[in-house]
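Data block below; observations after.
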Amino acid sequence: MKGKTAFITGGASGIGRALGEALAVRGATVILADRQIELAREVAAAICSNGGRAEARELDVRDASAFVALANDVAARHGGIDYFFNNAGIGVGGEMADYDRDAWDEVLDVNVRGVAYGIQAVYPIMRRQRRGHIINTASVAGLLPAPGLGSYAASKHAVVGLSKALRIEAAAFGVRVSALCPGVIRTPILTGGVFGRHVGRQLVEEQLRETMERMRPMEAAEFAVEVLEDVERDEPYIVVPRWWRAIWLVDRLFPRLGLWAFGRVHAKTLAAIDAHGVEASGREAPAPGVHA
Ligand SMILES: NC(=O)c1ccc[n+]([C@@H]2O[C@H](COP(=O)([O-])OP(=O)(O)OC[C@H]3O[C@@H](n4cnc5c(N)ncnc54)[C@H](O)[C@@H]3O)[C@@H](O)[C@H]2O)c1
């Protein structure tokens, strides 16, 4: 990865940040694109002070024109783009009965349209180069049932679907494509993140944390190391922590068993919410989609 250029959306925090740090250690120049530009600048500065090469760029992935302009600028200044981590994402939790239109649009705008705009911006550059690797961040929620996360699951199934199609199309141009499906990784998104929220009743914060801990979250730095190994192997589906692959396999072999098992987990969550839940705090919704 030495001497390569990696463009990472959502690079200011969590998974994007950890990937940026790990890529920089391996000698890549990393471009951290994020809505949280101040945070992205701090991360880039820390990478540089450790001897790496990084820069922060402001980007809202919902702005298609800005995406194209930034990708072209990065390619022009760095002689191309070798890795594109199409990673920015948000979560809106809650049962679908409690969703309003905004709850759908917020997630689909960032997690689906934002990813599609990223492909529109970077894929033509990689086709011209006849090289490059696009890694679209989906989730195990894009492979498995995810009750209580309906719009998020829909968005991540979409990312898996478009990645499969693009992998086949792009091979003819020497461009690689992978769907990155993280399990539970310890990042701010687990408790809503800056731009995510919850609708309807939810677990109190302490319970939410306990529930997440039971799912054995992986540290983001450890996660990034395993992901980069799979990127180098050109894995089509990068599922980390790897034990989630066993759950995915069982769900594919026995789909009704998968629905039953995730149904049991959901029933327990609902019971806990009934006993101790609170109305979601109504965190301010992010700005509406830009659709430029
Ligand atoms: N952490 C997990 O357990 C987990 C599991 C599965 C999938 N994922 C996916 O991994 C990706 C990264 O999430 P994370 O866990 O690092 O969370 P995070 O909240 O730490 O990072 C998300 C980053 O995306 C940025 N972002 C959000 N909306 C944006 C927009 N419109 N334009 C530009 N940047 C925007 C945020 O500012 C933030 O820096 C997401 O796509 C998420 O859905 C995370």
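The values are calculated or read from the model by the stated rules, or taken from the named source; none is laboratory data. Predicted model only: the values in this text are computed from it and were never measured. Counting neighbours? That spans all protein chains shown, and the Cβs are built from the backbone with ideal geometry, glycine included.
Got at least one residue in the stretch 150-158 being closer than 24 Å to ALA66 by Cα and more than 13 Å from the ligand (Cβ to nearest atom)?
Scanning the stretch 150-158 turns up no residue that is closer than 24 Å to ALA66 by Cα and more than 13 Å from the ligand (Cβ to nearest atom).
Which of the residues belonging to the stretch 64-91 are within 11 Å of the ligand (Cβ to nearest atom) and under 30 Å from PRO145 (Cα atoms)?
Within the stretch 64-91, PHE85, ASN86, ASN87, ALA88, GLY89, ILE90, GLY91 meet the criteria.
Go through (1) modelled with pLDDT of 95 or more; (2) farther than 21 Å from LEU144 by Cα; (3) buried (at least 17 other Cβ atoms within 10 Å of the Cβ); (4) away from the ligand (no atom under 16 Å from the Cβ) and name the single condition GLY258 misses.
(2)
Can you tell me which residues in the stretch 172-184 are within 12 Å of the ligand (Cβ to nearest atom), without any contact (Cβ under 8 Å) to a residue 60 or more places away in the chain and in contact with a strand residue (DSSP E or B) (Cβ under 6 Å, 6 or more places away or on another chain)? Full working, then the answer.
From the stretch 172-184, those within 12 Å of the ligand (Cβ to nearest atom) are 179-184; that's our starting set.
This time we only want the ones that are without any contact (Cβ under 8 Å) to a residue 60 or more places away in the chain, so: 179, 184.
Of everything in the stretch 172-184, just one residue is within 12 Å of the ligand (Cβ to nearest atom), without any contact (Cβ under 8 Å) to a residue 60 or more places away in the chain and in contact with a strand residue (DSSP E or B) (Cβ under 6 Å, 6 or more places away or on another chain), namely ALA179.
What residue, among those in the stretch 1-26 that are among the small types (Gly, Ala, Ser), assigned to a helix (DSSP H, G or I) and out of contact with any Ser or Thr (no Cβ under 9 Å at 6 or more places or on another chain), is nearest to the ligand (Cβ to nearest atom)?
Filtering the stretch 1-26 down to residues among the small types (Gly, Ala, Ser) leaves 3, 6, 10-14, 16, 18, 20, 22, 24.
From what is left, the residues that are assigned to a helix (DSSP H, G or I) are 14, 16, 18, 20, 22, 24.
So of that shortlist, the ones also out of contact with any Ser or Thr (no Cβ under 9 Å at 6 or more places or on another chain) come out as 20, 22, 24.
Details: GLY20: 11, ALA22: 13, ALA24: 17 Å.
Ranking the candidates gives GLY20 first.
Are any residues in the stretch 206-234 of a type in the set (Asp, Glu), more than 17 Å from the chain's Cα centre (by Cα) and closer than 24 Å to ARG26 by Cβ, and if so, which ones? Spell out the reasoning first.
Here is the first cut: in the stretch 206-234, the ones of a type in the set (Asp, Glu) are 206, 210, 213, 219, 222, 226, 229-230, 232, 234.
In the following step, the residues that additionally are more than 17 Å from the chain's Cα centre (by Cα) were identified as 206, 210, 213, 229, 232, 234.
Scanning the stretch 206-234 gives GLU229, GLU232, ASP234.
In the stretch 45-67, what residues are among the small types (Gly, Ala, Ser) and either touching a Gly at 6+ places or on another chain (Cβ under 8 Å) or under 16 Å from ALA22 (Cβ atoms) (or both)?
Within the stretch 45-67, the subset among the small types (Gly, Ala, Ser) is 45-46, 49, 51-52, 54, 56, 64-66.
The answer is ALA46, GLY51, GLY52, ALA54, ALA56.
Does ARG252 satisfy the condition of being surrounded by fewer than 15 Cβ atoms within 10 Å (Cβ to Cβ) and within 16 Å of the ligand (Cβ to nearest atom)? Quick ask: steps written out before the conclusion?
Details: surrounded by fewer than 15 Cβ atoms within 10 Å (Cβ to Cβ): yes; within 16 Å of the ligand (Cβ to nearest atom): no.
No, not satisfied.
Of all residues in the stretch 168-180, which are on the phi < 0 side of the Ramachandran plot and in contact with a Lys or Arg (Cβ under 8 Å, 6 or more places away or on another chain)? I'd like the intermediate steps shown before the answer.
Step one: list which residues in the stretch 168-180 are on the phi < 0 side of the Ramachandran plot, which gives 168-173, 175-180.
If the condition is that a residue be on the phi < 0 side of the Ramachandran plot and in contact with a Lys or Arg (Cβ under 8 Å, 6 or more places away or on another chain), then ALA170, PHE173, VAL175, ARG176, VAL177, SER178, ALA179 are the ones that fit.
In the stretch 8-52, which residues are touching a strand residue (DSSP E or B) at 6+ places or on another chain (Cβ under 8 Å) and hydroxyl-bearing (Ser, Thr, Tyr)?
THR9, SER13, THR29
For the stretch 1-12, enumerate the residues that are crowded, with 22+ Cβ neighbours inside 10 Å and either within 12 Å of ALA224 (Cβ to Cβ) or small (Gly, Ala, Ser) (or both).
Within the stretch 1-12, ALA6, ILE8, GLY10, GLY11, ALA12 meet the criteria.
Kindly indicate the residue of the stretch 27-42 that is surrounded by fewer than 24 Cβ atoms within 10 Å (Cβ to Cβ) and within 12 Å of the ligand (Cβ to nearest atom) and also nearest to ILE119 (Cα to Cα) among those meeting that condition.
Of everything passing the filter in the stretch 27-42, ARG35 is nearest to ILE119 (Cα to Cα).
Mind checking which residues of the stretch 185-201 are in contact with a strand residue (DSSP E or B) (Cβ under 7 Å, 6 or more places away or on another chain) and either within 9 Å of the ligand (Cβ to nearest atom) or not hydrophobic (A, V, I, L, M, F, W, C) (or both)?
Across the stretch 185-201, the qualifying residues are ILE185, ARG186, GLY192, GLY196, ARG197, HIS198, GLY200, ARG201.
So which residues in the stretch 138-149 are touching a residue at least 40 places away in the same chain (Cβ under 8 Å) and either assigned to a loop (DSSP other than H, G, I, E, B) or touching a Phe, Trp or Tyr at 6+ places or on another chain (Cβ under 7 Å) (or both)?
If we filter the stretch 138-149 for residues that are touching a residue at least 40 places away in the same chain (Cβ under 8 Å), which is where we start, we get 138-140, 143-149.
Residues satisfying the conditions are ALA138, SER139, VAL140, LEU143, LEU144, PRO145, ALA146, PRO147, GLY148.
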